[in-house]
Amino acid sequence: MTTQTGTGRTNQKKRTRTAIVGAAGELIRTGHEVTMPEVARLARVSEATAYRYFPDLPSLISEALAGAWPSPAEALAPVAGRDDPVERVAFACEFLLRGVLARQGAVRAMISVTITRPEGAATRPGVRFGLIDHALAPLRDVLGTTDPEALAQLRRDLAVTVSAEALFSLTDLCGLTPDDAIASVVRTATTLTEAALAHGRGARSHDRSNSGRQP
């Protein structure tokens, strides 16, 4: 009897957790603001119960988003045969920002919480980093060899640019439409990539010039 009771409680806990995650997922899919009170209401549990299963909103959103984004290789499949980093970065940028718009309630909630509690930043999915690395793959044997620090700097520059924060700054503070904001971020990201490529070509040209000189 005790075993059956224990099993029943375990199953109930699983159902409750599933209901909470499902409610968060529903809010994310519809683009609504994701808050713990609203999740609890949709899951038909108390807010205190929701917090017993998830200590904070980022941990709940992170679990609800698990599997929601494709892998970088899947996301960039349409440009898989292209070696132009500029084209690949542009595609990755637009892919990410369209996805952010579709899930902006959850993304805004994550940003808000992690600004006030930086230690929670580790719970953010970090989708941008995988997309950026995959988009820049053709540069690993080029810029990564001639100037690895330049490639690392490009990754950092793109991490700032290809981001939900950049998108929301343009829509919320600059008043751009989502399409115009995305176009602006894509232009900036491709400009950064083109500049890094030009720097890499200049470095290779300089090295060849020096190697051809007589000692």
Keeping all protein chains in the complex and leaving out DNA, RNA and ligands, what accessible area do you get for Thr10 with a 1.4 Å probe, in Å² to the nearest 10?
70
Simple spin-label estimate for Thr145 and Ser59 in nanometres, 7 Å along Cα-Cβ:
4.7
Label-reachable residues, the range 66-83, where backbone N falls under 13 Å from a point 7 Å from Thr18's Cα toward its Cβ:
none
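Remind me, relative contact order of the range 14-141 in percent, using alpha carbon pairs under 8 angstrom and six or more residues apart? Each step should come with its number before you reach the end.
Values: 129 pairs, mean separation 42.2, N = 128.
Rounded, it is 33 percent for the range 14-141.
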Using only Cα atoms and rounding to the nearest 10 degrees, what angle (0 to 90) does helix 178-211 make with the longest principal axis of the chain?
40
With a sphere of radius 12 Å drawn around the Cβ of Ile20, what net charge do the other residues whose Cβ falls strictly inside it have (Lys, Arg +1; Asp, Glu -1)?
+3
Once both axes come from the Cα atoms, what is the angle between helix 85-102 and the longest principal axis of the chain, in degrees from 0 to 90, rounded to 10?
20
If we count every other residue with Cβ under 15 angstrom of Val186's Cβ, Lys/Arg +1 and Asp/Glu -1, where does the sum land?
-3
Would you tally the net charge around Arg155, using a Cβ to Cβ cut-off of less than 12 Å, leaving Arg155 out, and scoring K and R as +1, D and E as -1?
0
The range 1-109: C-alpha gyration tensor shape, a/c 1.5 cut-off, then a/b vs b/c
prolate
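Tell me, in nm to one decimal, what length is gained between Asn11 and His199 on full extension, where the rule is 0.36 nm per residue of separation less the Cα-Cα distance? It would help to have the intermediate numbers written out before the result.
Numbers: separation 188, 0.36 × 188 = 67.68 nm, distance 5.92 nm.
61.8 nm is the gain from fully extending Asn11 to His199.
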For the chain, take the longest principal axis of its alpha carbons; what is the angle in degrees between that and the long axis of helix 2-30, to the nearest 10 within 0 to 90?
50
Determine the equivalent ellipsoid of the chain by diagonalising the alpha-carbon gyration tensor, then write out the semi-axes as square roots of 5 times the eigenvalues, largest first, rounded to whole Å.
44, 20, 14
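The values are calculated or read from the model by the stated rules, or taken from the named source; none is laboratory data. Remember, predicted model here, so these are calculated numbers, not experimental data. Neighbour counts are summed over all protein chains in view; Cβ atoms, including those assigned to glycine, are modelled from backbone coordinates with ideal geometry. Please note that ligands, DNA and RNA were not included when accessible areas were found on the heavy atoms of the full protein model with its side chains. Shrake-Rupley method; radii C 1.70, N 1.55, O 1.52, S 1.80 Å.
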